[in-house]
Amino acid sequence: MDISEDKFIQQINTKEVGAFRVLFEHFYNYLVLYAMKRVRQREVAEDVVQEVFVAIWESPKEYNSFRGFKAFLYDAIQNRCLDYLKHKAVENRYLAYQLANHDDEREREYNLMREEVYRELYLSVRELPDRCREVFELHLKGKKNEEIAELLSLSVETVKTHKKNAVRFLKERMGNLFSLLVMFRVL
């Protein structure tokens, strides 16, 4: 930072635009990464960080120290991420409720949505590296880790690693659709 920590806090407290430029330049990327570890989606993480920056700008709150301000930033990001995740959980429960209380038309829509999720899953699985894909496809067929290891001449730990890598890739690739796979009890 080009200015002292005390000067920076003073400028944040007086809402000087230059301090917010410094805030963005020095903290934005770190805070987005911090938020991504919680919400697992870059766009959502960026929105969370931007909301916190706006809240700081609009808030009359004054900060006493640089260390306290940094702690506040990370706490605010953590809280916004938790709020987002709680909201998503409510949305998922509502979706599950709607799907459980369906009539014939809803059942057709549900089946169509499920088929679309499966289609996305299989398209995404095709993008996995060969060995990882083989392991994951056997997993989807209901094979146990030991069976997969024996079939592919791998160690059980290697099978577990491939499965973990596949799930991580699918979460990133499929975004919100991935949570539906859990609801459909595919994974």
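The values are calculated or read from the model by the stated rules, or taken from the named source; none is laboratory data. In this text the structure is predicted, and so the values were computed from the model without any measurement. Ideal geometry is used to build each Cβ from the backbone, glycine not excepted, and the neighbour counts take in all protein chains shown. When the accessible area is computed, the model is the full protein with side chains, heavy atoms only, and any ligands, DNA or RNA have been set aside. Shrake-Rupley method; radii C 1.70, N 1.55, O 1.52, S 1.80 Å.
For this structure, a couple of remarks:
- Residue in region 102-110 that is in contact (Cβ under 8 Å) with a residue 12 or more places away in the chain and open to solvent by 50 Å² or more (accessible area, probe 1.4 Å) present: no
- Pairing each residue of region 82-101 that is over 16 Å from ARG114 (Cα atoms) with any residue that is at pLDDT 80 or above and open to solvent by 70 Å² or more (accessible area, probe 1.4 Å), provided the two are 6+ apart or on different chains, yields C-beta distances under 8 Å for LEU82/ARG38; LEU85/ARG38.
- Selection of first residues in region 36-49 that are open to solvent by 80 Å² or more (accessible area, probe 1.4 Å) and of second residues that are charged (D, E, K, R), restricted to Cβ pairs under 7 Å at least 6 apart or on distinct chains, gives the following pairs, ordered by first then second residue: ARG40/LYS171.
- Unmet criterion (only one of (1) touching a Phe, Trp or Tyr at 6+ places or on another chain (Cβ under 9 Å); (2) touching a residue at least 40 places away in the same chain (Cβ under 8 Å); (3) not in a loop (DSSP other than H, G, I, E, B)) for HIS162: (2)
- Counting the residues of region 65-101 that are at pLDDT 90 or above and either within 25 Å of PHE27 (Cβ to Cβ) or surrounded by 14 or more Cβ atoms within 10 Å (Cβ to Cβ) (or both) gives 24.
- Annotation: of all residues in region 44-82 being hydroxyl-bearing (Ser, Thr, Tyr) and over 15 Å from PHE20 (Cβ atoms), the one that is nearest to the chain's Cα centre (by Cα) is TYR74.
Rundown of residues vs (1) touching a helix residue (DSSP H, G or I) at 6+ places or on another chain (Cβ under 9 Å); (2) at pLDDT 95 or above, yes/no style:
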| position | (1), (2) |
| --- | --- |
| GLN11 | yes, yes |
| THR14 | no, yes |
| GLY18 | yes, no |
| LEU33 | yes, yes |
| GLU43 | no, yes |
| GLU46 | yes, yes |
| PHE53 | yes, yes |
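- Total residues in region 1-45, condition farther than 20 Å from GLU58 by Cα and either touching a strand residue (DSSP E or B) at 6+ places or on another chain (Cβ under 8 Å) or among the acidic types (Asp, Glu) (or both): 4
- Number of residues in region 140-157 that are part of a helix (DSSP H, G or I), open to solvent by less than 60 Å² (accessible area, probe 1.4 Å) and without any contact (Cβ under 8 Å) to a residue 12 or more places away in the chain equals 2.
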